[in-house]
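Dropping a structure here in structure tokens format, bear with me for questions.
The values are calculated or read from the model by the stated rules, or taken from the named source; none is laboratory data. Nothing here was measured: the structure is a model prediction, and the numbers come from that model. We place every Cβ from the backbone using ideal geometry, glycine too, and count neighbours over all the protein chains shown.
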Amino acid sequence: MYDFWITKYFKKQLKKASKKDKSLLEELRKSLKNFTTKGAISIASNIYKIRLRKKGQGKSGGYRIYILIVELGKIITPICIYSKSNKESITQEELALHLEMVRKEIEI
């Protein structure tokens with residue numbers, strides 16, 4: 001079981017996404033609380049992607065969230081969130097930018 005920490009950087013992304021989907025916050029909380037690496041897709045060292053369902057669309061048309069695992073103390077922090085209906089996938093460059101912003105905030 002992991003503890004989770006939401007950065008200011010991620011909160012900005014989440015605020016924009018949750019305006020259209022009021023159930024997103026609760027779905028995210030549940031997913032982070034119950035996060036395991038078994039149910040996630042490994043993207044890179046300590047970075048995983050999870051799928052969240054979007055109200056009325058299920059997981060395939062829902063949200064994608066990239067998560068960083070900080071092993072010092074078993075903490076996870078979301079890196080970015082996007083709606084699959086708006087964007088099919090993110091590039092490695094985009095992921096690197098999001099990761100850099102989160103790492104600056106948590107100082108690792």
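Report, by residue number, each residue of segment 53-75 that is more than 18 Å from L95 (Cα to Cα) and aliphatic (A, V, I, L, M).
L72, I75
Is it the case, given these coordinates, that K84 is of a type outside the set (F, W, Y) and surrounded by fewer than 16 Cβ atoms within 10 Å (Cβ to Cβ)?
Against the criterion (of a type outside the set (F, W, Y) and surrounded by fewer than 16 Cβ atoms within 10 Å (Cβ to Cβ)), K84 does not qualify.
Yes or no: I79 β-branched (V, I, T), crowded, with 19+ Cβ neighbours inside 10 Å and in contact with a helix residue (DSSP H, G or I) (Cβ under 9 Å, 6 or more places away or on another chain)?
It is true that I79 is β-branched (V, I, T), crowded, with 19+ Cβ neighbours inside 10 Å and in contact with a helix residue (DSSP H, G or I) (Cβ under 9 Å, 6 or more places away or on another chain).
Which residues, taken from segment 33-57, are part of a loop (DSSP other than H, G, I, E, B) and loosely packed, with under 12 Cβ neighbours inside 10 Å?
N34, T36, S45, G56
Moving on to the next point. Would you please name the residue that is farthest from I75 (Cα to Cα), looking only at residues in segment 1-32 that are free of Cβ contacts under 8 Å to residues at least 12 places away in the same chain and surrounded by 13 or more Cβ atoms within 10 Å (Cβ to Cβ)?
In this case the residue turns out to be S18.
Checking the conditions here, which among K15, K30, K11 is outside any strand (DSSP E or B), at pLDDT 90 or above and more than 17 Å from S83 (Cα to Cα)?
Only one candidate qualifies: K30.
If I90 passes every condition in (1) in a loop (DSSP other than H, G, I, E, B); (2) exposed (fewer than 11 other Cβ atoms within 10 Å of the Cβ) but one, which one does it miss?
For I90, the failing item is (2).
Of everything in segment 4-47 that's among the hydroxyl-bearing types (S, T, Y) and in contact with a helix residue (DSSP H, G or I) (Cβ under 6 Å, 6 or more places away or on another chain), which residue is nearest to R64 (Cα to Cα)?
S18
Just to be sure I understand, how many residues within segment 70-81 are at pLDDT below 90 and either of a type in the set (G, A, S) or assigned to a strand (DSSP E or B) (or both)?
Residues in segment 70-81 being at pLDDT below 90 and either of a type in the set (G, A, S) or assigned to a strand (DSSP E or B) (or both): 3 in total.
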